[in-house]
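Undergrad: Sharing a structure, written as structure tokens. Questions coming.
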Amino acid sequence: MKRTKIVVTDYIEPDLDWERAELANAPVTFEAYQLKFAPRQELLTRLADADVLVVNMVRVDRDLLQNLPSCKLIIRHGVGYDNVDVAAATEHGIQVCYVPDYCREEVAEQAMMLLLLCRRKFTRQQESLEVSIRKGQWDFSSVTPIRRFSGTKAGIVGCGRIGSLVLGMLRGFGIEVMVHDPYLSQRRQDELGIRCQPLEAVLREADMVTIHPTLSHETHYMIGERELRMMKPTAILVNTARGAIVQAEALARACREGWIAGAGIDVFEKEPPDESFVLRGIPNIILTPHLAWYSEDAGLSIRQKIMEDIRRFLEGRPPRFPINTIDAKR
Ligand SMILES: NC(=O)c1ccc[n+]([C@@H]2O[C@H](COP(=O)([O-])OP(=O)(O)OC[C@H]3O[C@@H](n4cnc5c(N)ncnc54)[C@H](O)[C@@H]3O)[C@@H](O)[C@H]2O)c1
């Protein structure tokens with residue numbers, strides 16, 4: 001019987017020894033490459049008879065898919081999957097799945113970190129220490145006023161896996177939370193103890209707004225000048241979801257001109273951003289390098305979840321998070 005061939009097209013781990021050990025007794029051939037910048041011909045040769053692909057950054061387009069006659073499953077290593085032509089995969093009867101749940105704690109923690117850093121004016125506190133050292137006496141003038149974090153009101157836009165975790169964390173700080181999520185079922189709202197509200201109400205009333213929807217035609221630029229002007233001048237905005245949900249030019253103006261008090265941003269429309277990126281160098285904006293997903297624990301978690309999908313495939317079971325629907329009769 002032909003052994004199932006699993007090919008990793010590219011990976012970010014130092015090595016895949018753990019995966020090899022996990023599959024040592026399974027009826028599989030396991031091959032791993034770094035094909036992100038490989039010429040097309042090499043990709044075609046390496047992947048030609050693969051049954052399962054584990055893909056990180058390699059572009060799996062229609063042309064490549066046409067040349068993968070054995071392929072039945074593509075596992076995208078991560079949350080997004082825009083490098084895989086899902087429509088073409090479906091036409092070729094190839095199941096595509098992904099791993100959207102390996103780093104929800106990390107992203108929620110990063111959102112909390114940015115909320116706290118902005119509210120507690122972290123960068124200004126650092127400046128204040130330097131000024132005070134130079135003067136030989138405390139000078140807090142660039143920092144004040146700071147308002148207490150607990151007891152304020154937060155707005156969560158998008159209350160899925162990550163947003164709902166942030167909800168619990170904020171409540172732990174004694175913060176009242178408003179939620180905007182047009183797709184949250186009544187049952188889920190009951191479970192979370194919330195009543196979803198219109199975006200405008202959340203923006204107008206919250207002292208801080210944290211953004212957690214997926215990027216779609218609906219959420220693309222959902223926060224622009226109009227929305228930022230609705231927010232309180234003392235409010236802050238945090239985005240750890242996707243760069244294109246917030247219009248960067250409008251946010252730069254909002255923070256420079258005091259429509260809002262500041263922002264914490266982990267994600268960008270172009271990644272990494274250019275040197276001339278409009279949000280750089282604005283004192284009340286904290287930027288982080290799209291690293292909310294990262295921790296060593298999340299790194300282990302994604303490997304375990306991908307391994308689970310490989311095992312499910314070997315047992316003839318569907319993946320944990322399928323992206324497309326494949327006609328079972330094929
Ligand atoms: N910064 C990072 O490193 C990092 C890592 C992982 C995920 N993310 C991003 O975090 C975001 C949330 O991920 P998740 O796993 O919680 O997704 P999810 O699918 O579990 O939740 C998304 C929520 O957004 C809601 N939503 C959809 N359209 C909306 C709209 N128009 N307005 C308000 N809410 C809307 C959905 O109903 C859903 O509840 C995604 O954008 C994801 O790409 C970022």
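The values are calculated or read from the model by the stated rules, or taken from the named source; none is laboratory data. What you see is a predicted model, and the numbers here were worked out from it, not measured in a lab. Note that each Cβ is placed from the backbone with ideal geometry, even for glycine, and that neighbours are counted across all protein chains shown. Remember, those area values only see protein heavy atoms, side chains included, never the ligands or the DNA or RNA. Shrake-Rupley method; radii C 1.70, N 1.55, O 1.52, S 1.80 Å.
Undergrad: Beyond 25 Å between alpha-carbons counts as too far, so tell me which of 153/270; 153/305; 135/232; 2/72; 270/305 fall in that bin. Provide the component values of the computation, followed by the final result.
TA: Numbers: 153/270 31 Å; 153/305 36 Å; 135/232 35 Å; 2/72 14 Å; 270/305 28 Å.
Correct reply: 153/270; 153/305; 135/232; 270/305.
Undergrad: Report, as a whole number in µm² per second, the diffusion coefficient that Stokes-Einstein gives for segment 152-195 at 25 °C and 0.890 mPa s using the Kirkwood radius over alpha carbon pairs. Walk me through the intermediate numbers first.
TA: Values: Rh = 10.3 Å.
It comes out at roughly 237 µm²/s.
Undergrad: Something else about it: Using a cut-off of 11 Å between beta-carbons, work out the net charge of the residues near residue 151 (Lys and Arg +1, Asp and Glu -1, residue 151 not included). Mind showing how you got there, number by number?
TA: Details: positive: 147, 148, 153; negative: 176, 207.
Around residue 151, the surrounding residues sum to +1.
Undergrad: For the chain, what is the accessible area per residue in Å² when the probe is 1.4 Å?
TA: On the way: 16960 Å² over 330 residues.
Result: 51 Å² per residue.
Undergrad: Could you look at the chain and say what percent of its accessible area is carbon and sulfur, using a 1.4 Å probe and all protein chains?
TA: On the way: 8800 of 16960 Å².
In the chain, the share of accessible area belonging to carbon and sulfur is 52 percent.
Undergrad: For a paramagnetic label modelled at 7 Å from the Cα of residue 214 toward its Cβ, which residues of segment 295-330 fall within the zone defined by backbone nitrogen distances under 15 Å?
TA: 320-325
Undergrad: Report the GluC sites (Glu not before Pro) located in segment 53-157 that are in a DSSP loop and have at most 13 other Cβ atoms inside 10 Å of their Cβ, or state none.
TA: Working: sites: 91, 105, 106, 109, 127, 130; in loops: none.
In loop regions of segment 53-157 (DSSP not H, G, I, E or B), there are no sparsely surrounded GluC sites (Glu not before Pro).
Undergrad: For the modelled label position 7 Å from the Cα of residue 256 along Cα-to-Cβ, which residues of segment 213-249 have backbone nitrogen atoms closer than 11 Å?
TA: The answer is 249, whose backbone nitrogens lie closer than 11 Å to the label point.
Undergrad: Using alpha carbons only, how many angstrom separate the centre of segment 259-303 from the centre of segment 47-105?
TA: Distance between centres, Cα-based: 27 Å.
Undergrad: Place a point 7 Å from the Cα of residue 142 along the Cα-to-Cβ direction; which residues of segment 285-323 have their backbone N under 14 Å from it?
TA: Taking a point 7 Å out along Cα→Cβ of residue 142, the residues of segment 285-323 whose backbone N falls under 14 Å are 285.
Undergrad: Shape verdict for segment 204-328, please, from the Cα gyration tensor: rounded (a/c under 1.5), prolate (a/b greater than b/c) or oblate. Walk me through the numbers on the way to the answer.
TA: Values: a/c = 2.78, a/b = 2.18, b/c = 1.27.
Prolate is the answer for segment 204-328, as a/c is 1.5 or above and a/b outweighs b/c.
Undergrad: If you don't mind, another one. Which of rounded, prolate or oblate describes segment 193-277 when judged by the alpha-carbon gyration tensor and an a/c cut-off of 1.5? Can you show the working numbers first?
TA: Values: a/c = 1.93, a/b = 1.23, b/c = 1.56.
Cα axes put segment 193-277 in the oblate bin.
Undergrad: Shape of the chain from its Cα gyration tensor (a ≥ b ≥ c, root eigenvalues): rounded if a/c is under 1.5, otherwise prolate when a/b > b/c, or oblate? All intermediate terms of the calculation are to be shown ahead of the outcome.
TA: Values: a/c = 2.29, a/b = 1.92, b/c = 1.19.
Since a/c reaches 1.5 and a/b is larger than b/c, the shape of the chain is classed as prolate.
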